[in-house]
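Working notes, beginning with the structure itself.
Read-outs throughout are calculated quantities, based only on the coordinates presented, and are distinct from any laboratory measurement. What you see is a predicted model; the values in this text were computed from it and never measured. Here the Cβ is made from the backbone with ideal geometry for all residues, glycine too, and neighbour counts use every protein chain on show.
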Amino acid sequence: MNYRKLGKTNFTISEVSLGTWQVGGGWGGSFDTQAAYGIIHEAIDQGVNFIDTADVYDAGLSEAAVGKVVRERREEVYIATKCGRQIQPHLAERYTPQVLRKYVEASLKNLGVETIDLIQLHCPPSPVYQRPEIFGLFEQLREEGKIRHMGVSVEKVDEALQALQFSNVASVQIIFNMFRQKPADVFFQKAKTSDCGVIVRVPLASGLLAGTISKETTFHPEDHRHFNRTGEAFDKGETFSGIPLDKGIEAVAELHELLGADLAAKAIRWVLMFDAVSTVIPGASRVEQVRTNVKAADLPPFSPKEMDAVAELYSRYFKKEIHPQW
């Protein structure tokens, strides 16, 4: 495993880490606690020292599993969690310091820790970035010893740019993959200039870039890849990176021809080609997926020819549609 600095936090974290949206056995169905423990333990065994969760993942069960495993291990493992998505309806005016403080304190109890290493606003509505009192809360929580650092998770590059105006924003979590390349064009250099860590989520476009999804693939009714393809429940960009599934499958076929086998690991390795990226947090619903994800860190770099070919494919298939939306 290789390690990189997470912006102004000065945390040195695994460049391939673990996202836990699906850690209890996958999207949809009941949460399998033992499966979650096994996945988290395996990640740490493989050198992962940064784990991202959220209070809304499986109604807090993900947070609880992460906290239990990390407390059992002797290794130093950084925990990042998120807050704000419990607010329903999810409107900017419902964001208040009082409400967010309660969520942070609930996460502390659920994780079983005295201090959260990194707390992130969980894709708040854009107007929240015009609310200095919201960001001021997290400075108070830091002074109280309840958090070490704060960051944001965003849907849009414009929101990431707005977040940089707040000096206590230590990291931005953003969607970035072969089918979602705008952050590299617009955001990464500014993040480096601000010493802001970049946490990349959805590196496999909800599994699409693993190369195993076909037109015949079916998904659990509670899996967002079944019910959220056009944004029925939340931003459609979280599901297959917002691209039409049929078009994505066609583009993946071209990537297979270009890059060969082990597409999932290579898609993660592509993300790591960008030095602004602090870490990438692919999810895993099985222990074997953790091993595949981690293997990406040891793959050879992409050649300039391969990087150009991926950029050309994105421009031809998706850029016109994707760049303006996110």
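Its residues counted as N, the stretch 122-183 yields a C-alpha radius of gyration over 2.2 N^0.38 Å of 1.18.
At the listed q of 0.14 Å⁻¹, the Debye profile of the stretch 253-324, built from one uniform point per Cα, gives log10 I(q)/I(0) equal to -0.50. Computed about its Cα centre, the charge dipole of the stretch 211-287 is approximately 120 debye, with only Lys, Arg, Asp and Glu carrying charge at their Cβ.
Remark: the chain carries a charge dipole of roughly 400 debye about the Cα centre, counting +1 on each Lys and Arg Cβ and -1 on each Asp and Glu Cβ. When all alpha carbon pairs of the stretch 228-290 are counted in 10 Å bins from zero, the resulting P(r) reads 17, 36, 43, 4 %.
Considering only beta bridges that DSSP places wholly inside the chain, some 10 percent are antiparallel. Only Lys, Arg, Asp and Glu carry charge here, each on its Cβ (+1 for the first two, -1 for the last two); on that basis the stretch 141-202 has a dipole of about 160 debye about its Cα centre. Distances between every pair of Cα atoms in the chain, grouped in 10 Å steps from 0 to the bin holding the largest one, split as 6, 28, 38, 23, 5, 0 percent.
Taking a straight line from the alpha carbon of Lys295, these aspartates and glutamates sit under 14 Å away, with near neighbours fewer than eight places off in the same chain left out: Glu15, Glu42, Asp45, Asp262.
With the simple spin-label model, which puts each label point 7 Å out from Cα in the Cβ direction, the Thr212 to His256 separation comes to 1.4 nm. As a proxy for reagent exposure, ranking Asp195, Asp58, Asp235 by other Cβ atoms within 10 Å from fewest up yields Asp195, Asp235, Asp58. For a bin width of 10 Å, list the pair-distance distribution of the stretch 101-222 built from all Cα-Cα distances, rounded to whole %. Taking every Cα pair in the stretch 101-222, the percentages come to 12, 36, 29, 18, 4, 0. Where only DSSP H runs of four or more residues are counted, the chain gives -11500 deg cm²/dmol as its mean residue ellipticity at 222 nm, each run worth -39500 (n - 2.57). The value given for the stretch 1-114 is a Kirkwood hydrodynamic radius of 14.9 Å, derived from the mean inverse Cα-Cα separation.
The stretch 250-326 and the stretch 219-235 have Cα centres spaced 23 Å apart.
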